[in-house]
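Report on the following structure.
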Amino acid sequence: MRRFGWVALALVLLMLAGATGALAEKRIALLIGNKDYKPGVGALVNPLNDVRVMGEALKAVGFDVLRPAQNARRADMLIAIHEFASKLKGAGADAIGFLYYSGHGVASAGENYLIPVDIDEPSTVLLSVQGVKQSEVLAILRNEAPNAAHYLVLDACRNTLQGARGGKGFLPVGQQSGVLVAFAAEPGKTASDTGTSSGPYAAALAAELVKPNQSDLIMFHHVRVAVIDKTNGDQVPWTEDGIQRRERVLFGGEAKPSAAAVPTTPAPTRLSEAAEAWDRAKDTTNIALLEAYISRFKETFYAEMARARLEELKKQHLSIAVPPPQIIAPRPIPIPGSKRCDVVEAIVGNERRCLKPKDSFKDCDTCPEMVVLPAGEFMMGSDENPDQRPWHKVTIARSFAVGKFEVTFAEWDECVSAGGCKQRPDDQTRGRGNHPVINVSWRDITKEYLPWLSSKTSKNYRLLTEAEWEYAARAGSRGNYAWGNDIGRNRANCDGCGSQWDKKQTAPVGSFQANAFDLHDMHGNVWEWVSDCYKDSYANAPSDGEATVEVAGCPRVLRGGAWNMFPAFLRSAYRYSGDPVIRYDGFGFRLARTLNP
């Protein structure tokens with residue numbers, strides 16, 4: 001039975017519909033750059049450069065970029081925004097609007113203001129008369145073009161602002177229906193104006209906009225990490241997502257098929273458009289693709305077959321793609337002079353023990369608590385993103401142990417006190433003690449903590465491989481999360497998980513219910529470094545649970561999502577990558593321990 005991915009079907013539909021067909025939404029952008037401020041506010045270096053690089057990137061991904069408003073007064077800014085909204089309204093219900101502002105901004109008297117160039121100083125009185133309120137901009141976009149998807153990106157709150165009263169950062173805004181609001185720096189903090197060709201936020205955003213196969217949410221997350229890396233953690237971008245469309249926007253589109261993927265045999269006699277597309281789509285298991293087909297060919301007979309196929313898939317859910325995991329019974333290992341061990345024999349501390357699945361142990365009083373996982377096999381990956389394909393079976397041949405919790409600050413601090421770890425990470429008020437350690441790099445972990453703990457205990461402590469991590473996170477489940485396909489309420493810590501810690505800080509380890517393997521926080525709280533080098537697909541991936549081939553200096557894989565991420569990033573199959581030397585307030589780790597040779 002043939003199965004076609006999103007790229008294949010999207011290309012077919014776009015060929016049939018043409019560049020201006022039903023699936024090609026209208027994209028319009030407005031750029032505002034304010035640089036030449038009066039001395040009481042302070043001139044800037046990069047806003048016009050920012051507008052230039054952003055304009056080039058937006059044009060490259062199909063945006064109609066309107067004439068920029070540069071060094072604008074209040075009236076100039078508002079007129080440009082009204083004209084922009086009017087064009088969006090005329091573009092139809094599928095329009096996408098991107099409004100980017102680079103310049104000074106500040107919070108004053110409970111409002112966020114964009115500062116025009118003719119203001120003498122950013123006093124509360126002058127701002128209330130001459131400044132442009134963020135709430136004004138939002139009202140114009142939402143009232144004049146209510147059906148468009150709006151992206152309001154404010155590269156403001158510059159650290160060179162003069163004469164501001166109180167803090168220089170923006171106030172956070174709640175979720176705005178139909179609008180994704182992005183700040184270059186998190187609320188209450190300032191953004192950098194340094195850079196030779198643009199500021200760090202504009203450079204990162206322009207670079208990520210043109211990359212294919214990543215949704216808007218993933219793109220903004222990658223921008224966040226790039227800016228954190230570029231500024232050594234001094235600037236942390238922030239987003240609030242209110243986009244309500246079923247399909248997320250892929251600014252860079254789908255990757256073009258490789259030459260090897262293009263058939264060289266003559267094409268058969270052309271069928272009708274609907275029939276030809278259905279011939280390629282009929283065997284898909286991707287619900288989103290079938291919905292796209294129905295939308296494109298809704299008046300045809302084939303759309304009825306697509307609806308029937310869609311209902312069938314919804315009933316079967318993921319079971320057609322993921323066979324139930326199997327647990328492999330390990331060979332019994334005898335313990336000399338004692339009863340036979342039917343599972344796995346291992347040394348715990350200085351004691352020989354017979355361990356079975358879900359048994360927990362510590363190799364010393366202050367060592368991390370470990371849980372025994374059984375041997376088994378499962379289907380790894382998903383059809384959600386290209387780097388999670390293809391689905392493939394992985395066999396974990398031997399039992400191994402996994403940290404019951406993410407490694408905590410208390411456990412890392414013991415390594416520092418003992419001289420094993422040089423890096424004492426900053427908790428950034430997220431919580432120490434039994435909160436998961438953050439701001440540790442892959443290199444910190446593998447060069448300092450793991451050698452210290454292994455030497456202290458005489459045991460083989462290591463990071464999980466990526467396959468081991470997904471096996472542990474799924475714990476026999478088939479859905480997006482260990483408990484099913486919906487994030488639910490208060491099952492994890494993330495931006496939208498419904499917990500008391502959401503978007504505020506990490507939660508103490510063990511605050512949420514364990515999965516079927518008795519492991520806590522496999523979803524959310526902090527991203528967890530694993531041992532593997534990152535590859536952009538599972539082509540030729542190991543099937544035995546081992547790590548990918550080691551390449552010195554390669555990006556490393558992170559799994560599980562974090563306290564400040566959307567639920568989509570917490571899925572069992574979701575993958576992320578980071579430079580092995582980066583430290584970030586959402587990055588931590590979990591231990592693995594080999595139990596037998």
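Structure notes:
- Remark on region 457-519: ratio of C-alpha radius of gyration to 2.2 N^0.38 Å is 1.30.
- Taking the C-alpha atoms of region 24-241, convex hull volume expressed per residue in Å³: 103 Å³
- A Cα-only calculation for region 81-130 places Rg and Dmax at 14.7, 41 Å.
- Computed P(r) (all Cα pairs; region 327-594; 5 Å bins; percent): 1, 6, 13, 18, 20, 18, 13, 8, 3, 1, 0
- Across region 96-162, the volume of the C-alpha convex hull divided among the residues equals 88 Å³ per residue.
- Straight Cα distances below 14 angstrom link residue 503 to the aspartates and glutamates 186, 240, 241, 495, 585, with same-chain residues fewer than 8 positions distant left out.
- Region 107-134 versus region 419-470: alpha-carbon centroid distance in Å: 46 Å
- Computed over region 172-213, Cα set: Rg, Dmax in Å: 12.9, 37
- Hz values of 3J(HN,Hα) by residue in region 143-156 - Karplus curve (6.51, -1.76, 1.60), Gly and Pro given as x: 7, 8, 9, x, 8, 7, 8, 9, 10, 10, 10, 10, 8, 10
- Cα pair distances exceeding 23 angstrom across region 373-520, given as percent: 47 percent
- For residue 112, the residues 5 or more places off, or on other chains, whose built amide H falls under 5 Å of its own are 134, 135.
- A convex hull fitted to the Cα coordinates of region 483-597 yields 131 cubic angstrom per residue.
- Debye log10 I(q)/I(0) for region 474-551, one point scatterer per Cα, at q = 0.20 Å⁻¹: -0.97
- DSSP beta bridge pairing in region 74-200, given as percent antiparallel to the nearest 5: 35 percent
- Above-threshold pairs, the threshold being 27 Å between Cα atoms, out of 38/211; 230/535; 404/456; 211/535; 230/393; 35/504: 38/211; 230/393; 35/504
- Karplus (6.51, -1.76, 1.60) ³J(HN,Hα), θ = phi - 60°, over region 554-571, in Hz, Gly and Pro reported as x: 5, x, 10, 7, 10, 9, x, x, 8, 4, 10, 10, 6, x, 4, 6, 8, 4
- From phi via Karplus (6.51, -1.76, 1.60), per-residue ³J(HN,Hα) for region 131-140 in Hz, x at Gly/Pro: x, 9, 6, 4, 5, 4, 4, 4, 5, 4
- Gain in span if fully extended, residue 60 to residue 358, counting 0.36 nm per residue against the direct Cα distance: 102.0 nm
None of the figures in this text is laboratory data; all of them are computed from the coordinates on show. What you see is a predicted model; the values in this text were computed from it and never measured.
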